[in-house]
Amino acid sequence: MAVDPRRLRVYVVTSSGLVPGRSHLDVGLAAIDGGATAIQLRAPELDDDALREVTAELAERCRDAGVLLIVNDRVDVAAAFRVGAHVGQADRPDRARSLLGHGAVLGISVASVTEALGAAEAGADYLGITVWATPTKPEADPRGLQGLRAVVEAVDLPVVAIGGVDATNAREVLGAGASGIAVVSAVGAAEDPILATRRLVDAVRHAEDADEDG
């Protein structure tokens with residue numbers, strides 16, 4: 001299904017362990033309260049029952065708030081709760097679309113124009129690309145702003161930038177063509193994750209206002 005790029009503007013990826021005692025659900029709920037437009041539940045350490053429990057709670061809260069919910073990797077869980085999914089290149093993107101159906105959002109991570117074109121062919125609704133190196137996902141291949149621009153120009157899909165992105169460089173990333181900014185530690189590791197999300201929302205809004213004025 002086509003996704004409105006505005007729903008990807010402030011995209012918070014959940015985490016646990018960055019702050020002792022703070023869970024994926026805590027981060028997700030704080031992001032919702034702070035005004036995030038999308039939440040990705042990325043919880044590879046959770047077993048099936050725990051993941052489904054968190055997904056159920058976040059799905060309800062996201063629906064009430066009008067926030068897009070995405071489950072990372074676990075397309076079966078996403079399909080069960082009728083929410084979106086996000087997969088990587090090793091996760092058979094074409095199979096992900098088949099499992100998810102065409103009524104839910106599918107995001108695919110890419111690191112090149114070739115992968116972006118393949119993801120579009122596989123049925124992606126949006127793409128994710130790592131811009132700068134990040135300790136929260138050291139295996140990712142950072143492509144820089146130039147790589148971001150190349151992917152944006154190659155496909156007619158919204159592109160979300162992740163990796164070292166925060167309120168201080170949001171304007172730079174959006175200026176390179178990203179439809180949204182995705183963060184992990186900028187919210188998950190923040191002393192006040194609700195306030196941190198609000199600052200991201202403000203940074204994106206200011207970037208949009210500056211572009212309109214320019």
- Task: List the relative contact order of the chain as a percent without decimals, with contacts defined as Cα pairs under 8 Å and 6+ residues apart.
- Result: 22 percent
- Candidates per GluC sites (Glu not before Pro) in the stretch 40-97, loop by DSSP, up to 14 other Cβ within 10 Å: Glu45
- Query: Along the three principal axes, how long is the chain when you take its alpha carbons, biggest first, rounded to the nearest angstrom?
  - Reply: 47, 39, 31
- Query: Over the stretch 113-209, what is the relative contact order in whole percent, taking alpha-carbon pairs under 8 Å and six or more residues apart?
  - Reply: 25 percent
- Message: Rounded to the nearest 20 debye, what is the charge dipole size of the stretch 70-182 about its Cα centre when +1 sits on each Lys and Arg Cβ and -1 on each Asp and Glu Cβ?
- Response: 160 debye
- Message: Can you give me the Kirkwood hydrodynamic radius for the stretch 1-104, using every pair of distinct Cα atoms, in Å to one decimal?
- Response: 13.8 Å
- Task: Divide by every residue of the chain the summed helix terms, -39500 (n - 2.57) for each DSSP H run of at least 4, and state the resulting mean residue ellipticity at 222 nm, rounded to the nearest 500 deg cm²/dmol.
- Result: -13500 deg cm²/dmol
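No lab work stands behind these numbers, since they all come straight from the coordinates. What you see is a predicted model; the values in this text were computed from it and never measured. All Cβ positions, even for glycine, are placed from backbone atoms using ideal geometry, and neighbour counts span all protein chains on display.
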